[in-house]
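Presented below is the structure to which this report refers.
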Amino acid sequence: MTRRAALYARVSTRDQSPALQLDALRLLAAQRGWTVAGEYVDHGISGTRSKRPELDRMMADVHAGKCDVVAVWKFDRFARSTQHLITALNDFRARNIEFVSVQDGIDTTTAAGRMVFGVIASLAEFERELIVERVRAGMASARRRGRRGGRPRARVDIGRALSLRGAGKPLRAVAEELGVSIGALHRALAEHDVERVPKTPLQATA
């Protein structure tokens with residue numbers, strides 16, 4: 001069965017031409033005997049942007065089963081990061097769609113290409129684990145210095161809160177008027193030994 005190929009190209013500025021990329025991709029399709037199912041070209045689109053009209057259109061066609069292989073000139077024309085590349089290729093693999101990057105030696109139609117992809121995926125996983133370890137070490141160091149992680153607590157005008165509660169306003173209405181979450185209001189009141197946190201959502205709205 002002849003494979004249907006989606007050819008994707010991208011140039012970062014309007015004055016650049018995608019002709020070099022497209023010529024190489026068309027030649028690849030001809031050499032492999034692929035039918036070109038579609039050409040998708042993003043003009044003047046930065047590689048860091050998460051939304052690209054033609055890439056989004058191609059991915060929609062991929063998910064609709066309109067192609068069997070995706071081909072690009074270089075993976076940095078296609079993916080905005082290594083993690084983006086890995087995520088996309090895993091998506092392709094789940095759909096039995098092959099991926100070829102002309103300049104990077106990534107070709108999941110071959111054993112060697114699949115090995116290269118495996119190395120890249122392993123490096124990306126290693127990088128993620130290093131980041132997690134650094135974050136955990138930083139949090140542990142902060143705790144040792146007496147610092148607490150997470151978002152800073154919202155400031156609650158306790159005097160106004162007490163006044164509103166004394167006027168008979170429910171907790172939820174007080175929280176909305178003060179512009180804080182009901183949880184922040186609960187904590188502020190509890191710290192001043194005024195009220196305890198309600199045990200049920202029904203009590204919280206009383």
For the range 60-75, Karplus-derived ³J(HN,Hα) couplings (6.51, -1.76, 1.60; θ = phi - 60°; whole Hz; x for glycine and proline) come out as 5, 5, 4, 5, 7, x, 8, 8, 10, 8, 10, 10, 9, 6, 9, 5
So, with points 7 Å from each Cα along the Cβ direction, the Ala154-Thr35 label distance in nm works out to 5.8
Residues meeting the amide H criterion for Phe99 (H placed from the backbone, H to H distance under 5 Å, 5 or more places apart or on another chain) are Val70, Thr108, Thr109
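Apply 1/(1 + (r/R0)^6) to the Cβ-Cβ distance of Ala94 and Asp23, taking R0 = 25 Å, and write down the FRET efficiency to the nearest 0.05.
Working: r = 31 Å, r/R0 = 1.24.
E(calc), rounded to 0.05, equals 0.20.
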Expected vector for the range 182-189, Karplus 3J(HN,Hα) from phi with 6.51, -1.76, 1.60 and θ = phi - 60°, integer Hz, x for Gly and Pro, equals 5, x, 5, 5, 4, 4, 4, 5
Note on the range 4-110: contact order normalised by length, alpha-carbon pairs under 8 Å, 6 or more apart, percent, works out to 30
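Between Arg14 and His84, what is the FRET efficiency for a Förster distance of 22 Å, r being their Cβ-Cβ separation, to the nearest 0.05? All intermediate terms of the calculation are to be shown ahead of the outcome.
Details: r = 24 Å, r/R0 = 1.07.
Calculated value: 0.40.
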Taking R0 as 25 Å and r as the Cβ-Cβ distance between His63 and Thr109, the FRET efficiency 1/(1 + (r/R0)^6), rounded to the nearest 0.05, comes to 0.80
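Values quoted throughout were computed directly from the atomic coordinates according to the rules given, and no laboratory measurement underlies them. Note that this is a predicted model, so its numbers are computed, not measured. Ideal geometry is used to build each Cβ from the backbone, glycine not excepted, and the neighbour counts take in all protein chains shown.
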